[in-house]
Structures are given as C-alpha cells and as structure tokens.
1. Kindly check whether there is at least one residue in the range 94-111 that is of a type in the set (S, T, N, Q), surrounded by fewer than 20 Cβ atoms within 10 Å (Cβ to Cβ) and touching a helix residue (DSSP H, G or I) at 6+ places or on another chain (Cβ under 7 Å).
2. Given Phe148, Phe159, which one is crowded, with 16+ Cβ neighbours inside 10 Å and either of a type outside the set (Phe, Trp, Tyr) or more than 30 Å from Glu222 (Cβ to Cβ) (or both)?
3. List the pairs whose first member sits in the range 352-366 and is surrounded by 10 or more Cβ atoms within 10 Å (Cβ to Cβ), whose second member is β-branched (Val, Ile, Thr) and assigned to a loop (DSSP other than H, G, I, E, B), and whose Cβ atoms are under 8 Å apart, counting only residues at least 6 apart or on separate chains?
4. Please report, ordered by residue number, the helices (runs of 4 or more DSSP H) entirely within the range 6-86 with at least 1 residues that are among the small types (Gly, Ala, Ser) and in contact with a strand residue (DSSP E or B) (Cβ under 9 Å, 6 or more places away or on another chain).
5. Select from the range 186-236 the residues that are surrounded by fewer than 21 Cβ atoms within 10 Å (Cβ to Cβ) and among the aromatic types (Phe, Trp, Tyr) and list them in ascending order.
6. Report, by residue number, each residue of the range 43-57 that is over 28 Å from the mean Cα position of the chain (by Cα) and touching a residue at least 12 places away in the same chain (Cβ under 8 Å).
7. Report every pair of residues separated by at least 6 positions or lying on different chains whose Cβ atoms are under 8 Å apart, first residue within the range 1-28 and more than 23 Å from Asn177 (Cα to Cα) and surrounded by fewer than 16 Cβ atoms within 10 Å (Cβ to Cβ), second aromatic (Phe, Trp, Tyr) and modelled with pLDDT of 95 or more.
Amino acid sequence: MNGVTGRMGYRQHLVRSILAIREQGGLTLSDGSVIWPEPVLVGRNAAKLEQLAHQHGLTQYTTDLDKALEENEIYFDAQVTTARVDALKKAIHRGRHVYTEKPTAESLADALALARAAEARGIKHGVVADKLYLPGLRKLKRLVDSGFFGRILDVRIDFGYWVFEGDWQPAQRPSWNYRAEDGGGIILDMFPHWRYVLDHVIAPVRSVFAHASTHIPQRWDEQNNPYAATADDAVYGVFELEGGIVAQVNSSWTTRVDRTELVTFQVNGTEGSAVAGLRGCRVQHRATTPKPVWNPDLPVSHDFRSQWTELPDNDVYDNGFKTQWEEFLTCVVTGAEYPHNLFAGARGVQLAELGLRSAREGRRLAVEDLA
C-alpha cells in the first residue's frame, strides 16, 4: 500500500478498508474460504511508516518499492498523481495485480498505456470508484433502474466547500492540489468521479463544456510559506449525456456550503424528480408535485423542502471504500472480471483532459468512445 501516510490512503484505504476487513475476521467467500489481507506500508518517510505500523499493530513497512513489489501479490497506489504512472508501470511489469486511486494518470495517453499493459500482462486491475457506493447514489440508481423518473431530462451536481487558504487557518487539502505542475486542479480531481457517476447511474457522457477558474491565486503550504496557486480551484461544467440528457456540474473548493451535504445530485424527469446526497435521497413524484406561482409581491407560501419524501434505507450500507476493496480482492482470488478497471480509469482521465481543453478553448468538445 503506497501512499498510506496521506489523508485518503490512511483514513479510507488502510483504516476503514483493509484494517476493517481484518477486524471482521477477513473476507469470507461463498465457498467458505477466507481472504486475509496482509498490508505492507510503503512510502518515502520511514519514521511516519514506522509510527503508523506501530499504531495499528502492523509489522511490515518499507521505503523500498522495488522490494515490496518482489514480495507481494497486489500493489495499491494512493500517491500524488505525478508519481502514480511510474509506480503502476513497475507493478504491472512485475505481474502484480494493481488497484489505484484516481486519476490514474495526468494524460489520456498514459492512462490508456497503463490499461493496455495491464491487460496484456493478464493481471487484475482496478480503480477506486467510491462515489458509486454512497448510500445516496445507490438509492438514486435504484430509482433510475425502476423507471421512476420516466424520461430523464437533466441532472444537476453541486459539489464543494471552502478550502482555507492556509495563512490564518490550516487548509483541509494538501498544497499540491493547487499546483498544476504537481498534478493538482479540481478538474483532474473531480471530472474522473463525474465520469463514472454519470456513466453508471444516469447515461454515458457524450460532450463536455467547461469553464475553469483559479479564484484564489495565492495560498500557503504546510510550512506556512506562500505559493502561487497555478491550478484550477473551481470548474463549471455542462455535459450532454446519451439521450439528450443535460448535466450541469459545479465543482468548487471556493464555495461556502448551503446544502444538506457537501455534494447533491438532482435528477429531473417527466414522471418525477429526486435529490440525493451522501446518504439520503428525497423524491417528488409527478402526482404530488405542487403548483408554485411566481409572485414577488407576496411572501412565499410553500415550504418546498417539506414537499419531498425521504426514501427508506431498505438495506445495510457499509463504508464504500471497504465494499469496493472487498469486491476487488474477491476478483483477484476467484479470477472474476473486475468492472472498474484501468480502462474505466482512462475514461475518467479522458473527460478531465477534454475538460481542461474545453476551458482553454472556450468550446464544447465531443467525448468519443475509447476503443
């Protein structure tokens, strides 16, 4: 596990996924056998690795990636984006199964090269698609599959929060996120998410128009030194999906939250609408839609929020990162095909690359199928 000293690598992948699987006694397969993951922590800082290992009762850690690749079956990558391609290449060359955070690369060419190399090597390869495992999106997908919406008209995704500049309040995200030269930027970070969310939950993405901004031009790093923010910290996108569905997607690290969640997904259709967050999902059917009338001369008489119905859970939802880890480990052991693979990761990079180009050129671009 490379990159576990970082926020996501440590919190979601090591603690809430791999260690959680161990705490439950391993992962039991349908034939009664048990998968027991044995993590080897990899990184550049030996002291941090030793501290993490000691904290969680682990014994294996190293700063030598080559040695770790010699001795293990699976390689996981949660490093900074700029370091990912070379490390994945090494793992694929050695015939190790690979599972990685997104984006898989900074360019579509590199992302496709990784996918093709993994396929040629005959290994299992997977990319994190955590948003699909959110309870809110799973409920939304259930509505889509049931035909609740009728003909879907549009999708609105509103994501983001205020990330502190780092001068008088520590930033919630690492400084490299705001330097384009280090693989930062909200387009490269979030467009891969929106690609798999829209493709899997609603319909395939067919075109993109994006307006990118760097609203905060100067930030302060982890040592409290000022630096120039060279990457986009907000992007305002319009995607056309298959069937003429329009998706409006705002992603921002420079917005203050006036929602019930840090992200909301609204889907409108001829028969009904739904608004999903991380966990909940509210619906309004055609038959129960109120009849508001625009009249700025009178106070609003509708309590619009009360006119929606909350969907019941009807299921038990585990941590999404852990659930996806369990699926990937099962595929490695059983030989089953894994759907969220490096080719899916390449489609996410494709949308990010097109989004960046659209923002530069100020025009809509087609999203071609990747052969």
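1. There is at least one residue in the range 94-111 that is of a type in the set (S, T, N, Q), surrounded by fewer than 20 Cβ atoms within 10 Å (Cβ to Cβ) and touching a helix residue (DSSP H, G or I) at 6+ places or on another chain (Cβ under 7 Å).
2. Result of the check over Phe148, Phe159: Phe148.
3. Close Cβ pairs satisfying both conditions: Leu354/Val367.
4. Here the list reads 46-55, 65-71.
5. Selection gives Phe209, Trp220, Tyr227, Tyr236.
6. Passing the criteria: only Ala46.
7. Hits for this filter: Gly26/Trp36.
Quick grid of which residues meet (1) under 20 Å from Glu73 (Cα atoms); (2) of a type in the set (S, T, N, Q); (3) in a helix (DSSP H, G or I); (4) at pLDDT below 95:
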site	(1), (2), (3), (4)
Arg282	no, no, no, no
Ala287	no, no, yes, no
Asn295	no, yes, no, yes
Ser301	no, yes, no, yes
Asp315	no, no, no, yes
Thr330	yes, yes, yes, no
Ala336	yes, no, no, no
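The values are calculated or read from the model by the stated rules, or taken from the named source; none is laboratory data. Since this is a predicted model, take the numbers as computed values, not measurements. Methodologically, a virtual Cβ is constructed for each residue, glycine included, from the backbone with ideal geometry; neighbour enumeration extends over all protein chains shown.
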